[in-house]
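Reading through the structure tokens given below for one structure.
The values are calculated or read from the model by the stated rules, or taken from the named source; none is laboratory data. Source: prediction; values computed, not measured. Please note: Cβ atoms are built from the backbone with ideal geometry, for glycine as well, and neighbour counts cover all protein chains shown. All accessible areas refer to the heavy atoms of the entire protein, side chains included, with ligands and DNA or RNA removed. Shrake-Rupley method; radii C 1.70, N 1.55, O 1.52, S 1.80 Å.
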Amino acid sequence: MEARVGIVGAGPVGVVAALACAQRGMRVTLFEAGREIDRSPRAATTHPSTLGMLAELGLLDEFRSVGLTARYFQFWDGATKTLVAEFDHETLRDETPFPYVVQTEQHKLCEIGLRRLAGMPNAEIRVGTPVTGVAQDPGAVRLAASGEHSFDYVVGCDGGRSTVRKCLDIEFEGYTWPERFLVLTSLFDFQSALGCRERSYISDPEEWTNLFKVTGDDLKGRWRAVFPAKENETDDEAYSEVSVRRRMRKLCEDHPMDSLVHRNIYRVHQRVAKAFRAGRVFLAGDAAHVNNPVGGLGLNCGLHDAMELAETLRLVASGEAGEELLGRYERRRRPLNIEYVQQQTVTNKKRLEERDAKVRQANFDELRRTAADPRLHKQFLMRTSLIESVRKSGQIG
């Protein structure tokens with residue numbers, strides 16, 4: 001029997017979930033509330049573990065062609081403007097065929113995936129069609145979306161404010177950080193000016209920075225600098241010429257103000273849904289978990305959700321496994337998100353913002369020791385690249 005799968009949300013997780021299910025022979029309908037894909041500059045780093053999944057879907061070559069391949073990343077002491085440690089993904093050569101990350105904007109992955117879906121006879125894309133209700137019985141799920149639609153399974157990939165999660169009345173446990181994150185995008189070449197790599201984490205007791213390069217739609221390259229906005233700082237104050245100049249010229253005194261091309265500010269959460277499944281309905285991506293972006297783990301984990309769930313549904317729909325296997329999705333994905341993504345991103349943020357001089361020095365010493373020791377270097381990268389979490393997931397029955 002051909003399983004019918006409804007997927008809510010055409011962000012990168014929803015698109016990948018739809019494509020993975022369609023490639024496995026399921027009949028897929030993808031619902032998107034907006035009339036077009038959100039092209040705001042969000043997410044950037046796709047880790048080795050995720051690149052393998054994109055290769056499995058046949059997307060990697062095209063995805064890599066619109067992105068930037070980065071082998072290294074660095075930690076800097078912003079107070080002294082000195083390099084603390086550098087990590088090299090080539091250390092993972094024996095563990096993955098993709099010993100690097102690809103840095104590009106998430107809307108490009110959406111666009112590539114949607115083009116593939118549009119050419120598949122068992123996939124339907126409904127844009128401008130918000131889902132407003134979810135109901136289910138033991139045999140089917142019904143979505144209210146400009147009419148009623150019936151499916152064997154539904155996957156909510158509709159973001160941190162997920163309608164699907166709210167309809168299921170699933171609690172979103174966690175907290176919101178008191179400060180917001182300010183993102184300033186510049187055409188200025190920080191690599192030439194500072195000697196930094198395309199991914200650089202800059203610790204500073206006064207104001208930390210994440211600095212990383214993406215390709216932009218013109219593929220000519222641009223840099224995103226992420227700063228913490230002060231708790232009492234208004235949007236207008238954060239966007240002001242004085243504020244922006246101060247922040248960018250603290251990074252580099254020669255930064256020209258006319259090179260700025262985008263400004264954004266947003267709230268940051270650390271939350272995990274109390275359940276990732278309710279009957280025949282599943283949550284994936286930001287609908288299931290959100291975290292601060294330091295380390296670039298959130299979207300990667302969401303794509304891992306999509307691939308795990310697509311294979312689980314295939315096994316059940318094909319009769320290779322009974323419906324009891326559906327519970328494995330939550331057993332695998334929820335605890336691993338808490339252990340690897342939530343804990344790691346909180347640790348990453350605290351390392352960057354640490355103000356105690358002795359603790360900062362201890363953090364730097366640990367990073368230097370880790371980078372200098374081949375075994376620890378590789379161990380560190382196995383965790384940050386999520387290869388370790390993927391392998392651990394496969395051991396959970």
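Annotations
- Residue list for the stretch 375-393, restricted to those being in contact (Cβ under 8 Å) with a residue 60 or more places away in the chain and over 27 Å from residue 80 (Cβ atoms): 378, 382, 385, 386, 387, 389, 390, 393
- Among the residues making up the stretch 234-264, a single one is farther than 22 Å from residue 216 by Cα, touching a strand residue (DSSP E or B) at 6+ places or on another chain (Cβ under 7 Å) and surrounded by fewer than 16 Cβ atoms within 10 Å (Cβ to Cβ): 235.
- Scanning the stretch 324-340 for residues that are open to solvent by 20 Å² or more (accessible area, probe 1.4 Å) and of a type in the set (A, V, I, L, M, F, W, C) yields 325, 338.
To keep it simple, each residue is scored yes or no on (1) over 14 Å from residue 247 (Cα atoms); (2) open to solvent by less than 40 Å² (accessible area, probe 1.4 Å); (3) at pLDDT 95 or above; (4) more than 19 Å from the chain's Cα centre (by Cα).
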| position | (1), (2), (3), (4) |
| --- | --- |
| 162 | yes, yes, yes, no |
| 167 | yes, no, yes, yes |
| 171 | yes, no, yes, yes |
| 176 | yes, no, no, no |
| 191 | yes, no, yes, yes |
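- Checking each residue in the stretch 278-294 for being surrounded by 22 or more Cβ atoms within 10 Å (Cβ to Cβ) and part of a strand (DSSP E or B) picks out 281, 282, 283, 289, 290.
- Positions within the stretch 313-345 being farther than 21 Å from residue 275 by Cα and of a type in the set (A, V, I, L, M, F, W, C), in sequence order: 315, 317, 321
- Restricting the stretch 308-349 to residues that are under 24 Å from the mean Cα position of the chain (by Cα) and of a type in the set (S, T, N, Q), the residue that is modelled with the highest pLDDT: 312
- At least 2 residues being open to solvent by less than 40 Å² (accessible area, probe 1.4 Å) is the threshold, and among the strands (runs of 3 or more DSSP E) wholly inside the stretch 98-159 those reaching it are 101-103, 133-137, 140-144, 148-151, 153-156.
- Single residue of 152, 189 found to be of a type outside the set (Phe, Trp, Tyr) and farther than 27 Å from residue 131 by Cβ: 189
- Within the stretch 217-234, the set of residues being in contact (Cβ under 8 Å) with a residue 60 or more places away in the chain and either within 18 Å of the chain's Cα centre (by Cα) or outside any loop (DSSP other than H, G, I, E, B) (or both) comprises 224, 226, 228.
- Matching residues in the stretch 341-391 - criterion: being open to solvent by less than 60 Å² (accessible area, probe 1.4 Å), out of contact with any Ser or Thr (no Cβ under 7 Å at 6 or more places or on another chain) and hydroxyl-bearing (Ser, Thr, Tyr): 345, 370, 384, 389
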